[in-house]
Amino acid sequence: MMNPAKGNTSLLLLFLLLVCPICTSLDTITPDQPLKDGDGQLLLSNHETFALGFFNPGSSSHRYIGIWFNQIAEKTVVWVANRDAPLNDTSGVLSINGKGNLVLHTQNQTTPIWSTNVSFSVSSTNNSMAKLLDIGNLVLVQQDSQRVTWQSFDYPTNTLLPLMKLGLDRRTGLYRILTSWKSKDDPGIGDYSFRFVPTGYPQLNLYMGQTLLFRLGSWTGLTWSGVPRIASNYFTVNFVNNQDEATAMYSIKPNLPTKVIAKTVVDESGIVQRSLWQETTWVEYWSGPRDLCDKYLNCGPNSYCDLHNMVIFECKCFPGFEPKSSRDCIREKQGVSMCNNGEGFVKLAHMKVPDTSIAHADMSLSMKECEQKCLRNCSCMAYASANESEGGIGCLTWHGDLVDTRTFPDGGQDLYTRVDAVVLAQYAKKNGLTQKKRMLAILGVSIAVMFLLIVSIVYCFVMKKKKETRHSTYLDSADSTLPYFEDSPSRRDLDGTRRNSNLPLFNLRTIIAATDNFSIANKLGQGGFGPVYKGLLQNGMEIAIKRLSKCSGQGIEQFKTEVALIAKLQHRNLVRILGYCIHKEEKMLIYEYLPNKSLDSFIFGMSSFSH
């Protein structure tokens, strides 16, 4: 009898086979192995990170051949071959033709809809093979030599992937740029382009048509000058500007704790955005333009844009200039020479440097040499560091108007602008006052800190002393300046006893000195009331000290009674009492010392007075 669960599974599999097209995957496209849309085939990279196949963008019914991320939930297309030549049905075939090129055509027609259009020698026409790399790059290679004859990374669409270059190959003239889609449903070439412009000192720019919208700026060695916030622990940038190429490429740093999936896209609304894939969605890492000061030439020549609260901007003139209008600035003193006439430079911090397409670069100069070079050339209006990654190397100079600059709350670069001698003196005085105020503020803070530190030290010292006084030995705790004992209830209570007994009150310091701080060598014995010590006064007189136990339970009244009683019992046949000592919890009786143990029986026998 058939298991019902097993029968249901079989029916489900049969249903899927009938309803869904069979999807197979290839690892290469060869002259004998094309990729067909009707068969649902995909070309996968080695680790299946990326896939190439036919797709419908958005709600469109048109078919395109493209590349997308294969291991994330959201289908994200990063490259399209026939972006301006869509197919109307699923008859598309991607194959290697007789000339060795990768071509897109329909099953019923071999006329190419799209082609790699590479020129091959006759012997290489049947030696081509296409494969997809794990970085998302579709390459056409020679099977025998593995030489790459064409790659999709040289013809990007709207997405920049790690290890993909933007910019100019000066040897071949190949210029790689990003271009937006027309819409989410149409991957055709749109209105916006993102370019690495090689003119002057290379920089990244965003255009609408041929109109410059936003300058990300030049590479500073740490970040792009117009977007300082994109510096990251995830990425490195490879910036090349030499006789062979002017290119920029970013890559993901190796040995990161987690896998990073990233893309940079210029979208159909004219926004450049870098995103990171996090679990189930793309999360923006940075984007631009972000605010009004990012707009190219939002402020006129020789002024810079200063943004307030992200919505209000102000055009401020460079030093030595004054407003001509709300956005334009002119020289304050027309005709004043700034050539060998005491002129100099004023530093502006946290700046986006001016448009570098009109800048001159010399990577061999230090900042000091850059200043001297600019100062010697009377047409040089400003200078800045070209590379800040090594403390400031390379020299950028501007000759003429300074355009498209702004300030940042943090980040940015130091820009040094040329001013005449009068303005230089004004800024020097202003900076001097500012520096003086800063030094006074620092001095004031330092004094306050020192005062608080001293107060804290004194406080801690006093508290420590108090603590030591409470826990110190009797020698440290006793006060030699007091002839008798401290002013306390105990003293007041005993005043009458002193008058009645006429016995002297010994100072504790005297007793401690006489007994060598109650040395065990001076101990005569121990009774229920406490120990008895032998002592020697400074005048040479020997004494015996009966030190009442703190645990005896005897209070002040009992001690008063004992002192008075012993004083009254003075007799020539009895050991004579010389006085007593009281200090806080200490209560002691001082007797004359009798040798040969004649004292022991008396004092130890007087235990009734101590209980």
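The values are calculated or read from the model by the stated rules, or taken from the named source; none is laboratory data. All figures in this text were calculated on a predicted structure; none of them were measured in a lab. Note that we place each Cβ from the backbone using ideal geometry, even for glycine, and neighbour counts take in every protein chain shown. For accessibility, only protein heavy atoms count, side chains too; no ligands or nucleic acids. Shrake-Rupley method; radii C 1.70, N 1.55, O 1.52, S 1.80 Å.
Here are a few things to note about the model shown:
- In this structure Met249 has an accessible area near 40 Å², from a 1.4 Å probe over the protein heavy atoms.
- Rolled with a 1.4 Å probe across the full set of protein chains, the surface gives Lys316 an accessible area near 60 Å².
- Cα-projected label distance for Gln538 with Gln210, points at 7 Å along beta-carbon direction, nm: 11.1 nm
- Pairs exceeding a 19 Å alpha-carbon distance, out of Lys347/Lys429; Lys324/Lys429; Lys465/Lys587; Lys263/Lys295; Lys316/Lys368: Lys324/Lys429; Lys465/Lys587; Lys263/Lys295; Lys316/Lys368.
- Peptides 292-299, 68-75 ordered by average Cβ neighbours within 10 Å, highest first: 292-299, 68-75
- Think of each Lys and Arg Cβ as +1 and each Asp and Glu Cβ as -1; about the Cα centre, that makes the dipole of segment 48-109 roughly 140 debye.
- A crude spin-label estimate for the pair Arg327 and Asp362, with each label 7 Å from Cα along the Cβ direction, gives 3.5 nm.
- Ordering of 161-168, 34-41 by burial proxy (mean other Cβ atoms within 10 Å per residue, highest first): 161-168, 34-41
- Taking trypsin sites (Lys or Arg not before Pro) across segment 324-387, the ones in a DSSP loop with at most 13 further Cβ atoms lying within 10 angstrom of their Cβ are Lys333.
- Kirkwood Rh and Cα Rg combined as Rg/Rh, segment 82-236: 1.02
- Reciprocal of mean inverse Cα separation for segment 249-360 (Kirkwood radius, Å): 18.0 Å
- Segment 328-435: C-alpha pair distances exceeding 19 Å, %: 46 percent
- Working from label points 7 Å from Cα in the Cα-to-Cβ sense, the Leu174 to Ile520 distance is 9.5 nm.
- Those GluC sites (Glu not before Pro) in segment 300-403 that DSSP places in a loop and that have at most 11 other beta carbons within 10 Å: Glu390
- With a Förster radius of 22 Å applied to the beta-carbon distance between Ser25 and Thr90, the computed FRET efficiency rounds to 0.80.
- Area accessible to solvent at His350, 1.4 Å probe radius, in Å²: 80 Å²
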